[in-house]
1. For region 190-242, which fully contained strands (runs of 3 or more DSSP E) count at least 2 residues that are at pLDDT 95 or above and out of contact with any Lys or Arg (no Cβ under 8 Å at 6 or more places or on another chain)?
2. Give the number of residues within region 129-172 that are buried (at least 22 other Cβ atoms within 10 Å of the Cβ) and among the polar types (S, T, N, Q).
3. Against the conditions (1) surrounded by fewer than 19 Cβ atoms within 10 Å (Cβ to Cβ); (2) closer than 25 Å to V38 by Cα; (3) among the hydroxyl-bearing types (S, T, Y), where does T257 fall short? Just the number, please.
4. Report, by residue number, each residue of region 24-49 that is among the aliphatic types (A, V, I, L, M) and crowded, with 20+ Cβ neighbours inside 10 Å.
5. Quick one: is L188 among the hydrophobic types (A, V, I, L, M, F, W, C) and surrounded by fewer than 18 Cβ atoms within 10 Å (Cβ to Cβ)?
6. Please go through region 233-254 and pick out each residue that is more than 16 Å from I202 (Cβ to Cβ), surrounded by 21 or more Cβ atoms within 10 Å (Cβ to Cβ) and under 17 Å from the mean Cα position of the chain (by Cα).
7. Counting only residues that are surrounded by fewer than 19 Cβ atoms within 10 Å (Cβ to Cβ) and either of a type in the set (D, E, K, R) or farther than 30 Å from S62 by Cα (or both), how many does region 296-321 have?
8. Among (1) outside any helix (DSSP H, G or I); (2) over 22 Å from the mean Cα position of the chain (by Cα); (3) of a type in the set (K, R); (4) more than 30 Å from L298 (Cβ to Cβ), which single condition is K172 missing?
Amino acid sequence: MIPVSVRVNLPHIAENAAKATALCEQYGIEVWGVTKAVAAQPGVARAMLDGGVTALAETRLSAVSRLYESGVPGPYWLLRSPAYCEIPECVALTDGSLVSDRGALELLQAEARRTQRRHGVLVMVDMATGREGFLPEEVGSVCRMVAESSHLDLAGLGIYFEWQGEADVQAKTLVRLCDLAADIGRELQMPLSIISGGSTSIIRTQLLHDRKPADINNLRLGTAILLGIASSVGPLKIPGFHQDTFELSVELNEVKTRGRRLGLLAMGHTDADPDYLFPLDPGVKVLKAFSDHTLVDLEEADPAFRAGETLRFQLGYFALTKLMHSPWVRHEFVR
């Protein structure tokens, strides 16, 4: 037996996906389901599709391959600019990429032409939003480059926001993004079909406050669907969504009294981020983690736990990611 297990409630994930797509549809926004936190687990991906997402988005091509080999239908999008060494695999496995490098575009075009395939491109824009993208003044020429390529399809523009972004800043930036997309569409005489405004942070800062996020028509959602939260800090629960989608169970290796009652769990930083473990058992508190152990305060736990018994936790995003990628964790699926 393995002392660390995660119970995955697939019907509740499907219901979260349905609620997320319904919420976004009110604002004319389609949803791509992001599977990177769960290592593209096929059952979870199918649950997202059952809930109405229109595509699956991943950051690892090996994960896309897992979906393909498991018979999970696409379309599949690579959620980042492909590394140069990944170009052949990227063109073979995915329908499109979020691209932020001219060299990658040239290689994608060459490979797509060589293999007689077509590859979609979502051009990423950097508006001081924290990560990848072309500068706004570069985007027009990049889009023209894609539009004039024989085997690339210009899908539109995308942007990334850091999860702690402020609501007003995001709202103003999204207006700028949409204005840029409109200008490029007029210049190229072809409207851009996708304006992807980011991830779950847009639900947190805009949709939950009934703000229409400019004219964006796409969001890339993982956290909202998988965990039913708009932020792992707190966590900030989305009303009406399920938060019991993933439940961690860990056996207590040791219970001792050192001024207070303490417990030692058979998992640590290598398995999960302790800041994103939320105890379900009353009175239990996470104190700190080591590489392979986690120390918990059991002084106020009711009932009093003993070694060999199990503690339960709900998860934040970074704990979920480690636990679902770990070969040392048992994954159990409720279907």
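1. Details: elements: 194-196, 218-221, 229-231.
Ranges flagged: 194-196, 218-221.
2. Final tally of qualifying residues: 1.
3. (2)
4. Once the filter is applied, which keeps residues that are among the aliphatic types (A, V, I, L, M) and crowded, with 20+ Cβ neighbours inside 10 Å, region 24-49 yields I29, V31, V34, A37, V38, A40, V44, A45, A47, M48.
5. Working: among the hydrophobic types (A, V, I, L, M, F, W, C): yes; surrounded by fewer than 18 Cβ atoms within 10 Å (Cβ to Cβ): yes.
Yes, satisfied.
6. Listed by number, the residues that qualify are T245, F246.
7. Residues flagged as surrounded by fewer than 19 Cβ atoms within 10 Å (Cβ to Cβ) and either of a type in the set (D, E, K, R) or farther than 30 Å from S62 by Cα (or both) within region 296-321 amount to 12.
8. The number of the failed condition is (1).
The values are calculated or read from the model by the stated rules, or taken from the named source; none is laboratory data. Everything numeric in this text was worked out from a predicted model, so none of it was measured. Don't worry about glycine lacking a Cβ; one is built from the backbone with ideal geometry, like all the others, and counts go over all protein chains shown.
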